[in-house]
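Input: a single structure, listed below in structure tokens.
No lab work stands behind these numbers, since they all come straight from the coordinates. Just so it is clear, the structure is predicted and the values come from calculations on it, not from any experiment. When we count neighbours, we look across all protein chains shown, and the Cβ atoms used for this are built from the backbone with ideal geometry, even at glycine.
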Amino acid sequence: MADGTVLAARVRTLAAVWRQWAVTGRDLRPEDWLLPTRCPGWTVAALYAHASGWTATLAGLAPLPADAIPSDTSATALLLRVNAPGRSADEWDDRIARHAIDRAAATEPEALVAPFDDASRTVAEQLGRLDGDPVVEVPDLATIRLSEAVRVAIMEAFVHLLDLADALGRPLEFPPAALEETTALFFPMCQSVEFVEIATGRAAPSIFPLLR
């Protein structure tokens, strides 16, 4: 279990990444929202529509009873489970993509930016109301410690921020801790002989991608 210091640091990191989404979105031109991204079929608007999902998810979390047992012991364990062969992630891809595309088409740009602006200012207060590091239920995904749910949210916000930067053709600022948390999350997923051989230039990267 993470202590309060770790959880607070992760919350600050997440808020900083969400602020970058908000700052970037406020400066986009109308034509920028229609740019394609490297997520197949997604425009920049669809990327915003999808990436904002964790702002609502975290706002709705409530602690489970003190004796609740997590379905996954860590964020890494969760990602390994849903990205295993025959994985749940395969079943979600089309549904997630369709939801992002449909929501983007039905939503004005200002409303796509607003969740990031609001959540970046309120997430610390919202999660601070939950004592300690309780087990929480992330709907349709897992029961997991709050600190580990925040780790997943950081990864999602950071990976898709890189997608956004690629679509816009320019780098976007991010807190170094977002990169540290994401790489620390991924590394245990690829601990294998094949990874060592890839890292040392002795094999092609057939173990990637680890997740989508």
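As a proxy for reagent exposure, ranking Phe186, Phe208, Phe158, Phe116 by other Cβ atoms within 10 Å from fewest up yields Phe208, Phe186, Phe158, Phe116.
Here the stretch 164-212 and the stretch 43-58 have alpha carbon centers that stand 22 Å from each other. Rounded to whole numbers, the Karplus 3J(HN,Hα) couplings from phi for the stretch 95-110 are 5, 5, 5, 4, 4, 5, 5, 5, 5, 4, 5, 9, 10, 5, x, 4 Hz, using 6.51 cos²θ - 1.76 cosθ + 1.60 with θ = phi - 60°, and x at Gly and Pro.
Normalising the Debye intensity of the stretch 127-212 to I(0), with uniform scatterers on Cα atoms only, and taking log10 at q = 0.11 Å⁻¹ returns -0.44.
Glu110 sits among other residues whose Cβ lies under 13 Å from its own Cβ, and their net charge, with Lys and Arg +1 and Asp and Glu -1, is -3. The charge dipole of the stretch 4-199, taken about its Cα centre with unit charges on the Cβ atoms of Lys, Arg (+1), Asp and Glu (-1) only, comes to about 260 debye. Each Lys or Arg adds one and each Asp or Glu subtracts one; over the other residues with Cβ under 14 Å from the Cβ of Gln20, this totals 0. Annotation: Cα Rg of the stretch 26-105 relative to the compact-globule expectation 2.2 N^0.38 Å equals 1.40. The value given for the chain is a Kirkwood hydrodynamic radius of 18.1 Å, derived from the mean inverse Cα-Cα separation. Here the Karplus relation 6.51 cos²θ - 1.76 cosθ + 1.60, evaluated at θ = phi - 60°, turns the backbone of the stretch 55-69 into coupling constants of 5, 6, 4, 5, 5, x, 6, 9, x, 7, x, 4, 8, 5, 9 Hz, with x for every Gly and Pro.
Simple spin-label estimate for Met189 and Gln126 gives 2.4 nm between the two label positions (7 Å along the Cα-to-Cβ direction from each Cα).
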